[in-house]
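Notes to accompany the following structure.
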Amino acid sequence: MAVMNAQAIRIHATGGPDVLTLENVEVGEPGPGEALVVHGAIGLNFIDTYHRTGLYPLALPATLGLEAAGTVEAVGPGVTEVAPGDRVAYAAPPVGAYATARVMAADRLVTLPGSVDEISAAATLLKGLTAWYLLRRTYAVKAGDTILVSAAAGGVGLLLVQWAKHLGATVIGTVGSDAKAELARAHGCDHTIVYGGADVAARVRELTDGAGVPVVYDSVGAATFASSLECLAPLGMMVAYGNASGPPPAIAPGVLGQKGSLFLTRPSLMDYTRKREDLVAGAEALFEVLGSGAVEVRTISTRPLADAAAAHADLEARRTTGSTVLIP
């Protein structure tokens, strides 16, 4: 197979959305254990902005993106996980998804069922696998739990709300505006709290008859970390899985003891899917709830890959709801 020409969004320096440039690149043949994937849709995720700004450093120059869906064009020696012609998706390092095609480790690819199209997969896999490990592994939500989800109208937030409701939980969601509160409620959120409009911890205590919640899923970071801790019941778990407003402040372990022997974790999807069997199990669980209609991807915005800079700007300014997909 000859070298394939492709286009990619790359950065040569860290900074704002303006550092993203569309360039022509060459894609080589897949080596042992690798597959060449031609992308049909590419997922936009907040972690992409962390890579762009340097919060999560990359070796430069770099092509951004961790998530895409498409078709296997060719496979290298020893590949058994996928075959040419398979419809696949991935949500895994290394970066490089912002491209029309790329070579990817075959054991990081999952095969798409017929019920899931490429745009839905690219909009859902990384966020959906995140929701899976948060709800089923980090803290196993069960029927009767009342949980708190920050950024409940965001891409992960809307999936968390629906999946938690499917598991029988009561969901309290924090959001940035009345419009986002309405969106979260439309996806099943039982109670919404608008940032700046109420004392979040006091409202959570009111809604739980003073008990607090057993788990907080917080993707906002610095702006909400302190109030999220105050929402927890004794022995509760603070799951800090994102930094949309910046990294949370340092905290002394003794503070967790003072507030009720709390647990604090900073989980990563990459760790929860490091083993292929875990990756496949998570994807199957996600595709099952999507296929049954228990979880729906109702809000997907599509933009051309060339508009990645504008898409980053909108994401960071919180002008987006649901998921955004870049189309090559």
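Selection of first residues in segment 165-186 that are assigned to a helix (DSSP H, G or I) and of second residues that are modelled with pLDDT under 95 and of a type in the set (Ser, Thr, Tyr), restricted to Cβ pairs under 6 Å at least 6 apart or on distinct chains, gives the following pairs, ordered by first then second residue: LEU183/THR321. Contact annotation: residue pairs with Cβ atoms under 7 Å, 6 or more positions apart or on different chains, pairing a residue in segment 274-286 that is touching a residue at least 12 places away in the same chain (Cβ under 8 Å) with a partner that is in a loop (DSSP other than H, G, I, E, B) and of a type outside the set (Phe, Trp, Tyr), are LEU279/THR273; GLY282/THR273.
Taking the conditions (1) out of contact with any Asp or Glu (no Cβ under 8 Å at 6 or more places or on another chain); (2) in a helix (DSSP H, G or I); (3) crowded, with 17+ Cβ neighbours inside 10 Å in turn, ALA201 satisfies each one other than (1).
May I ask you to list the residues in segment 230-244 that are within 22 Å of the chain's Cα centre (by Cα), crowded, with 22+ Cβ neighbours inside 10 Å and over 24 Å from HIS51 (Cα atoms)? Of everything in segment 230-244, just one residue is within 22 Å of the chain's Cα centre (by Cα), crowded, with 22+ Cβ neighbours inside 10 Å and over 24 Å from HIS51 (Cα atoms), namely MET238. One residue stands out in segment 287-328 among those that are of a type in the set (Asp, Glu) and touching a residue at least 40 places away in the same chain (Cβ under 8 Å): the one that is nearest to VAL19 (Cα to Cα), namely GLU316. Across segment 99-118, the qualifying residues are those that are of a type outside the set (Val, Ile, Thr) and assigned to a loop (DSSP other than H, G, I, E, B), and the one among them that is nearest to the chain's Cα centre (by Cα) is LEU109.
Cβ separations smaller than 6 Å between residues 6+ apart or across chains give the following pairs from segment 250-265 residues that are under 13 Å from PHE225 (Cα atoms) to residues that are assigned to a loop (DSSP other than H, G, I, E, B): LEU256/LEU262.
Matching residues to (1) assigned to a loop (DSSP other than H, G, I, E, B); (2) more than 22 Å from ARG137 (Cα to Cα); (3) among the polar types (S, T, N, Q):
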{"position": "SER261", "(1), (2), (3)": "yes, no, yes"}
{"position": "GLU284", "(1), (2), (3)": "no, no, no"}
{"position": "LEU290", "(1), (2), (3)": "no, no, no"}
{"position": "ALA311", "(1), (2), (3)": "no, yes, no"}
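Filtering segment 125-163 to residues that are farther than 14 Å from ALA285 by Cβ and without any contact (Cβ under 8 Å) to a residue 40 or more places away in the chain leaves LYS142, ALA143, GLY144, VAL161. Looking only at segment 190-220, which residues are out of contact with any strand residue (DSSP E or B) (no Cβ under 7 Å at 6 or more places or on another chain) and either at pLDDT 95 or above or of a type outside the set (Asp, Glu) (or both)? GLY196, GLY197, ALA198, ALA201, ALA202, ARG205, GLU206, ASP209, GLY210, SER219, VAL220, listed by residue number.
The values are calculated or read from the model by the stated rules, or taken from the named source; none is laboratory data. Computed from a prediction, not measured in an experiment: that's the story for all the values here. Cβ sites come from the backbone with ideal geometry, for glycine too, and all protein chains shown count toward neighbours.
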